[in-house]
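Below is one structure, written out as structure tokens, with a few remarks after it.
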Amino acid sequence: MITPAYCKHFARYNRWQNQTIYDACAKLDDVTRKRNMGAFFKSIHGTLNHLLVGDRLWLSRFDGEPSGVTSLGESLYDNFDELRQQRTWTDDRADRFVSNVDQPHIDSVITFRRLRDNVEMTLPMHIALMQFFNHQTHHRGQVTTLLMQCGVDPGITDLPMLPGDYSSPILGA
């Protein structure tokens, strides 16, 4: 079972890794970031966009704020700087959510409609939260592979290497 501390730790980890990945991606030009490299979401930019789409859908389910997402394949931001700014905004939103999560909420269930087929689903909240965090890790791993293929080292990605003094403006250390 997961705890509020687990959620806060993963929110910190995801923020750290999102910043690290975006810093690495910024070393590439826009054409390279958007080049179809045969990944599931074709390009680095496409994969980063997918992460934002997924995170906004899950956060909308968690906090009730509209996601603004109309389809799973939607391209939210064509401009890399705007995509990066919105990534930070979305990480802030995740921090706000997890800062208020308590154990009874984690032990509850969540019911929502899937965007792709409008089917209603009910899941244990702890599974939904683990999916939210794991989904980011999974697709960032794809981005690190694409970065390496472009000659850019994405840096350390291991959870135990999360800097001890790293904190979001909302969660603190």
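The values are calculated or read from the model by the stated rules, or taken from the named source; none is laboratory data. In this text the structure is predicted, and so the values were computed from the model without any measurement. Heads up, the Cβs are rebuilt from the backbone with ideal geometry, glycines too, and the neighbour counts pull from every protein chain shown.
For the range 52-66, the set of residues classified as over 21 Å from F80 (Cβ atoms) and not aliphatic (A, V, I, L, M) consists of W58, S60, R61, F62, D63, G64, E65, P66, listed by residue number. Within the range 41-58, being part of a helix (DSSP H, G or I) and free of Cβ contacts under 8 Å to residues at least 40 places away in the same chain holds for H45, G46, N49, L52, V53, R56.
Residues are listed down the side, and each one gets a yes or a no for (1) touching a residue at least 24 places away in the same chain (Cβ under 8 Å); (2) surrounded by fewer than 16 Cβ atoms within 10 Å (Cβ to Cβ); (3) under 29 Å from S71 (Cα atoms):
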site: R93; (1), (2), (3): yes, no, yes
site: N100; (1), (2), (3): no, yes, yes
site: R113; (1), (2), (3): no, yes, yes
site: V119; (1), (2), (3): no, yes, yes
site: F133; (1), (2), (3): yes, no, yes
site: Q136; (1), (2), (3): yes, no, yes
site: H139; (1), (2), (3): yes, no, yes
site: L147; (1), (2), (3): yes, no, yes
site: G155; (1), (2), (3): yes, yes, no
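Of D95, D158, D102, D78, all but one fail to be of a type outside the set (A, V, I, L, M, F, W, C) and in contact with a strand residue (DSSP E or B) (Cβ under 6 Å, 6 or more places away or on another chain); the exception is D95. Criterion first (at pLDDT below 95, under 17 Å from the mean Cα position of the chain (by Cα) and either aliphatic (A, V, I, L, M) or surrounded by 13 or more Cβ atoms within 10 Å (Cβ to Cβ) (or both)) does S60 satisfy it? Taking the combined requirement at face value, the residue does not satisfy it. Can you tell me which residue is surrounded by the most Cβ atoms within 10 Å (Cβ to Cβ) among those in the range 4-40 that are touching a residue at least 60 places away in the same chain (Cβ under 8 Å), part of a helix (DSSP H, G or I) and among the small types (G, A, S)? Among those that are touching a residue at least 60 places away in the same chain (Cβ under 8 Å), part of a helix (DSSP H, G or I) and among the small types (G, A, S), it is A11. Apart from one condition, V143 fits all of (1) modelled with pLDDT of 95 or more; (2) on the phi > 0 side of the Ramachandran plot; the exception is (2). Here L48, L72, L28 are screened, and the one residue that is of a type in the set (A, V, I, L, M), at pLDDT below 95 and within 27 Å of M148 (Cα to Cα) is L72.
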